[in-house]
Structures are given as C-alpha cells and as structure tokens.
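What follows is a short report on a single structure.
The values are calculated or read from the model by the stated rules, or taken from the named source; none is laboratory data. Just so we're clear, the structure is a prediction, and the values are computed from it rather than from any experiment. We place every Cβ from the backbone using ideal geometry, glycine too, and count neighbours over all the protein chains shown. In case anyone asks, the SASA skips ligands and DNA or RNA and just uses the protein heavy atoms, side chains included. Shrake-Rupley method; radii C 1.70, N 1.55, O 1.52, S 1.80 Å.
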Amino acid sequence: MLRDLQAAFGAELLGSDMRVSAALGGDRMENAHRFGIYRNNIFASLTGVLEAAFPTIHTLVGDENFIVLASRFIAEHPPQEPPLYRYGADFATFLEDFELAVGELPFLPDLARVEWAVNEAYFEADAESLQPEDLADLDPEDCGNLQLTLHPSARLMSSGWPVWDLWGADVLPNPSPEGAQQVLILRPDAEVSVTLLSPGDFIFAQALAAGMTLGAAATAGAKAEECFDLATALGGHLGRGTFRAEFTRTAELA
Amino acid sequence: MTSVGTPLTTEFESYPVPVAAGIGLRHIHFGEFLKDQPGVAWLEVHSENYVCPGGSRLATLETIRRNYPLSCHGVGLSLGSAEGLDFEHLKRLRSLVDRFQPSLVSEHMSWSTAGGVYLNDLLPLPYTEEALDILVRNISQAQEALGMQVLIENPSSYVTFAQSTIPEWEFCAETARRSGCGLLLDVNNVYVSSRNHGYDPRDFLNAVPGALVGEIHVAGHSDSEWDGHPVLIDDHGSPVKDVVWNLLDEALERIGPKPVLMEWDLNLPALDVLLGEAAKAQAALDQLVAANKMLVNVA
C-alpha cells in the first residue's frame with residue numbers, strides 16, 4: 001500500500017535504519033547513497049529555515065554547533081505543515097532540554113523565545129497603529145477608562161537573562177551575562193523592533209494586553225516600579241505603535 | 001520601504017503569463033524589482049513563501065505584481081500523499097490565488113507528507129495504478145478547491161521503486177488525462193531523472209501530450225558519481241547546462257512554444273545572471289518561431 005510505503009520512507013528520512021531499501025529498485029548500496037540525497041535535502045533546507053529564524057543563536061554558537069542543534073531538533077520535531085515560516089516554534093523548549101547547550105549558555109532558551117517572537121511579528125497580520133493624535137480629542141477624565149488593544153505583532157517577554165543585550169549580539173559575552181530584562185517585540189510597519197522596557201512599563205503593557213483600563217494599568221505599573229511615569233510610558237508606546245488604532249472606553253461597554 | 005497594511009481588495013490587470021521567458025522571483029532581488037522594474041516577461045514565486053498573514057513580503061509582492069504577470073508554484077501540497085490532502089493548506093493557497101490572481105498555478109507529481117509530518121522535499125512516487133488513482137483524486141480535489149486548472153510538474157528523482165509498473169512518462173501523461181490537470185514540463189528534471197535511472201530523455205519528450213503542457217521549466221543541476229555511476233542532483237544552484245538547453249530546443253520543437261521559466265534557488269547570483277539565463281530561454285523560443293515562419297513561407 002502506498003500509505004505504508006510513505007510511512008516507512010518518511011520514518012527512514014528522519015532516522016537512519018534502511019527498512020525501505022527492500023522496496024527500492026536497483027543496487028542496494030547505491031540506493032543507500034541516493035536515499036541520502038533526500039535526507040540531506042530535508043535536513044539542509046530545514047536547518048536553513050532555523051538559521052533564518054534564529055540568527056543570533058546561529059551566530060553565537062557557530063555553524064557547526066548550530067547544525068548539531070538543528071539536526072537533533074529536526075529529527076525530534078519535524079514540521080507538521082508546509083508553511084515553514086511557522087517552523088521552529090518549539091525550538092526554545094527543545095533547547096531547555098538540551099543539556100549540552102544550556103549547561104554552558106543558560107540564556108539560550110530565552111534568547112530563542114525573543115528570536116521566535118521577532119519571527120512571528122515579521123509574518124503577523126498587518127494593522128494600523130494608534131497615533132497620539134487619535135487621543136487628542138479625549139476628555140482627560142475619560143483617559144483613565146480607555147481600553148487599548150496591543151498591535152497583532154506585539155509580543156511581551158520577561159526574562160531572567162539580559163535578552164535585550166543578547167539579541168543581535170555577534171560574539172558570546174564574557175563573563176556570562178547576568179540580570180533580568182523585559183522586552184517588547186513589535187512590527188507596526190515593515191521592520192520588527194525589539195525594545196527594552198522598564199519593569200513598571202512592562203507590567204503596564206502587560207496589564208493593557210490583559211484588558212485592564214489605562215488607569216488600572218498605570219496603577220499596576222506604579223506598584224511594580226516606584227518611578228513609573230504614565231505620560232512617558234504611554235508616549236513611548238504611542239510613538240512606536242504598540243496599540244491598535246481601535247480603542248474603547250469602559251463606559252461604552254456598559 | 002514598502003508600506004504594509006494595504007487592503008486586500010486590489011484588482012490586478014489580468015496580465016496572463018505570456019509565451020515568453022520568465023524567472024523565479026526571490027527575496028534577495030526584491031529591491032531591484034521595486035526600484036528598476038527589470039525587463040523580464042513574467043515572474044514565478046514559490047507559493048509557500050507567501051502564505052503568511054501579513055508583513056513586508058506580501059506587501060512587496062503586491063507592488064511587484066502590479067507590473068508583472070505572475071505564476072504561483074507550490075512545493076508543499078503533497079498531491080501524491082496516500083493520506084489525502086491537507087485542506088488547511090489548500091485554503092491558504094486559495095487565499096493566495098484570490099489575493100494575487102496568478103494566471104498559472106502549479107504543483108508537483110510527488111509527495112512530502114506522511115503521517116502528518118511534512119518532509120520538505122519532493123519525494124518520489126512508485127509508478128503504480130494505486131499511486132495514479134491517489135494522485136488523480138488529490139489533483140481533482142485541489143483543482144476544485146482552487147477554482148482553476150493546476151499544472152503538474154514531473155519531478156527529478158534519485159531512487160525508483162521495485163513495485164513500479166508504469167513508465168514515468170506514461171504515468172505523467174495519464175495523470176493529466178484522468179484529472180484534467182495541465183502539465184509543467186521540467187526539462188532539467190527529465191534530464192536528471194533520465195541519467196539517474198538510465199533512460200533516454202527523448203522517450204519522455206515523445207510521450208508528453210504537448211497540448212496539455214502549459215509551462216516549461218529549466219534549471220541548473222550538479223553532476224556527481226557513485227561507484228562509477230552518474231548521480232545528477234537537481235539543486236537549482238548553477239547556470240542551465242548545455243545538454244538541458246539542447247533538450248529545451250527539442251521539447252519546443254516537439255510541443256510548440258510555451259512559457260519557459262528559469263529557476264534558481266541555491267547560491268543565488270546577481271539578478272543580471274538570472275536575466276541572462278532568461279534571455280537564452282527567450283532566444284530558444286524566438287528561434288522556434290523564426291523556424292516555423294520559414295516553414296510556413298516554404299509551404
């Protein structure tokens with residue numbers, strides 16, 4: 001049956017035994033070599049996909065190590081669908097379990113999460129961003145009741161490692177980097193940006209993303225960071241396009 | 001910079017793909033296409049590179065599409081899979097077709113998915129009645145879902161199956177006759193497979209129903225050897241070899257002029273190199289037209 005033949009062929013491409021060889025025509029040894037061409041096509045092309053999605057990790061660990069990581073990942077987590085722009089979502093979790101990598105570079109999984117968020121943001125749906133002038137006509141008293149929605153490309157990430165410093169680095173930091181950082185990944189137009197947020201600003205943005213009003217989110221931000229300033233944080237987000245153009249006032253919801 | 005967020009309602013001028021030479025559009029050449037509108041008759045993209053929801057890649061293709069006829073060439077539909085089609089993927093392809101309105105849509109006579117795993121290569125089918133039935137059923141479903149005829153490309157291959165009972169060229173022609181699909185004749189693939197499996201490429205060309213061919217591909221391959229036997233690898237990473245240009249001439253002579261596409265995927269060179277290859281394909285078409293005119297005049 002074709003179904004059985006394809007199952008054996010596929011399993012062999014990702015593994016290394018040669019059960020399918022009996023089904024092939026021609027010389028057995030030569031077939032093993034020729035079958036390897038398919039295996040090489042698959043591993044090389046998918047390694048290329050991962051390199052494009054995780055360029056900083058590729059640079060930091062180097063070509064040879066990246067190929068080792070990618071080959072293991074591809075064999076254990078092969079793609080489940082043809083659009084490969086979505087291939088690599090599990091790479092960060094895979095790295096967590098890969099002792100050899102995280103033993104020496106414990107920040108690697110979180111760095112992979114940032115790179116994956118950048119990749120997601122790049123291909124995410126387009127949307128208009130809220131501009132400062134969109135809020136100009138609002139009664140200042142109403143502002144506290146605003147509910148803002150994050151731009152579809154926006155991703156918030158908090159890490160115990162300095163991921164903002166590490167993202168885009170071209171050499172391994174020495175000594176090993178320390179310190180927590182929070183970042184916002186965003187693509188309001190053509191280019192993806194990664195922005196370092198203060199702890200208060202991060203909690204503020206996270207609260208807005210969770211559906212809290214501007215007033216409640218500002219309170220949460222101030223609780224997280226003594227010097228949190230709403231005007232500065234909001235101005236920054238409006239400037240970079242963190243929110244969708246559409247917004248609501250809680251009064252309108254009632 | 002291309003602006004993102006254009007509404008999805010653009011109507012392109014119909015711009016059918018002409019009987020002329022085109023090239024594969026690749027991301028590294030986007031800048032030149034946006035800036036200079038290089039002179040090439042039509043463009044082909046890999047469908048799977050444009051099935052994302054948004055971003056600059058789609059916006060750029062939309063801009064370029066305004067100036068060039070377009071063909072969408074899929075590599076992921078896995079028409080030969082015994083487990084049937086991935087209908088989610090078909091929906092993505094339908095959206096792509098609706099958005100960019102390509103006049104040609106093509107796929108491969110191969111498979112890539114088994115047990116829900118997508119193997120990202122064009123894997124060979126055994127040429128049997130069972131595989132033919134499955135392929136024909138899947139193509140019919142795909143054509144229905146896409147609302148148009150699809151061209152199916154003959155693959156290059158490295159292994160054959162002991163259970164195969166039908167010559168590749170008959171399998172290919174029969175697929176088109178039974179499913180109502182068109183054919184994308186890849187003459188480089190014909191050459192690569194003929195050398196890898198020891199048949200005469202002319203056997204293939206002679207069996208292809210010319211009227212069903214809607215497009216021809218040419219590309220580069222690399223030569224290798226195993227234990228004294230040639231093993232040709234279809235890597236699309238170098239200029240088209242003379243033997244393949246010669247085979248293109250023979251194919252055109254036999255089946256008549258068709259749109260010819262020059263493919264290049266690995267180690268992409270400067271755009272000028274691709275345009276130079278396309279000019280050679282155009283010369284082959286022009287030469288055919290000139291020869292036919294002479295025949296008409298003599299008659």
The protein assembly as shown: antiparallel bridges as % of DSSP beta bridges, rounded to 5, reads 50
Of A:139, A:229, A:110, the most mobile residue in a GNM of chain A (C-alpha springs, cutoff 10 Å) is A:139
Using alpha-carbon pairs under 8 Å, 6+ residues apart, how would you state the relative contact order of region A:152-254 in percent?
-> 22
Kindly list the residues of region B:125-157 that lie in the label zone of residue B:265, defined by a backbone N under 15 Å from the point 7 Å along the Cα-to-C-beta vector.
-> B:153-157
Accessible area of chain B divided out per residue, in Å², using a probe of 1.4 angstrom | 38
For residue B:44, other-chain or 5+-apart residues with amide H closer than 5 Å (H placed, Pro excluded) are B:23, B:24, B:25, B:71
On protein heavy atoms with a 1.4 Å probe, the accessible surface that disappears when A meets B, both sides summed and given to 100 Å², is 4100
Considering only protein heavy atoms and a 1.4 Å probe, what is the carbon-and-sulfur percentage of the accessible area of region A:20-73?
-> 55
Residue A:249's amide H: which non-local residues (gap 5+, or another chain) put their own amide H closer than 5 Å, with H modeled 1.01 Å from N in plane and none for Pro or chain starts?
-> A:147
Taking the Cα centre of chain B as origin, work out the dipole magnitude from +1 charges on Lys and Arg Cβ and -1 charges on Asp and Glu Cβ, in debye rounded to 20.
-> 880
Springs between alpha-carbon atoms under 10 Å, Gaussian network over chain A: tell me which of A:208, A:172, A:186 tops the mean-square fluctuations.
-> A:172
For chain A, what does -39500 (n - 2.57) per DSSP helix run (n ≥ 4), summed and divided by total residues, give at 222 nm, in deg cm²/dmol to the nearest 500?
-> -15500 deg cm²/dmol
Share of region A:165-251's accessible area from carbon and sulfur, percent, 1.4 Å?
-> 55
FRET efficiency for residue A:250 and residue B:280, Cβ-Cβ distance as r, R0 = 56 Å, nearest 0.05?
-> 0.25
GNM, chain A, Cα, under 10 Å: largest mean-square fluctuation among A:239, A:144, A:25?
-> A:25
Whichever lysines have a C-alpha closer than 18 Å to that of residue B:258, once near sequence neighbours (fewer than 8 apart) are set aside | B:280, B:293
